[in-house]
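To keep things clear, I will list the structure first and then write my remarks on it.
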Amino acid sequence: MPAYLLQVAYTPQALSALIAEPHDRTQALKKNVKKLGGRMVGSWFTFGEYDLVVIMEFPDNVSAAAWALAIGAGGALRSVKTTPLLSIEEGLEAFKKVPESGYKSIVAS
């Protein structure tokens, strides 16, 4: 199943709510992810530009996009970034396929 890196930044209001009552939201969210055919592989709090990162699997890009839209519309996040992840094998396959594109850069090599 395709994997995705999800990075989210909470709004100040959501951070205040978590400070007032710290709790693990991922347990509740796992049920919603499952409804879209996905699963949460792991999640971590971070600090810096994003507050939480999650590795998820979804059956397709449409399901992953639906999830990102749903949580983005909820009002607790100021930023949501979803990055599709390729396995090493898929990445190598992509590198090998480049010559088939026939693309020629305008910059001399």
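We did not get these values from a lab; they are worked out from the coordinates using the rules stated. Bear in mind that the values here come from a model prediction, so they are computed numbers and not experimental data. Because the Cβ atoms are built from the backbone with ideal geometry, glycine has one as well, and the counts that use them run over all protein chains shown.
For q = 0.16, 0.27 Å⁻¹, what log10 I(q)/I(0) does region 42-87 give under the Debye formula with an equal point scatterer on each alpha carbon and no solvent? Result of the Debye calculation: -0.48, -1.20.
Helix 26-35 and the longest principal axis of the C-alpha atoms of the chain enclose an angle of approximately 50°.
When the alpha carbon gyration tensor of region 3-101 is reduced to an equivalent ellipsoid, its three semi-axes come out at 29, 15, 12 angstrom, largest first. Rounded to the nearest 10 degrees, the inclination of helix 61-72 to the longest alpha-carbon principal axis of the chain is 30 degrees. Rounded to the nearest 20 debye, the dipole magnitude of the chain is 220 debye, with +1 charges on Lys and Arg beta carbons, -1 on Asp and Glu beta carbons, and the Cα centre as origin.
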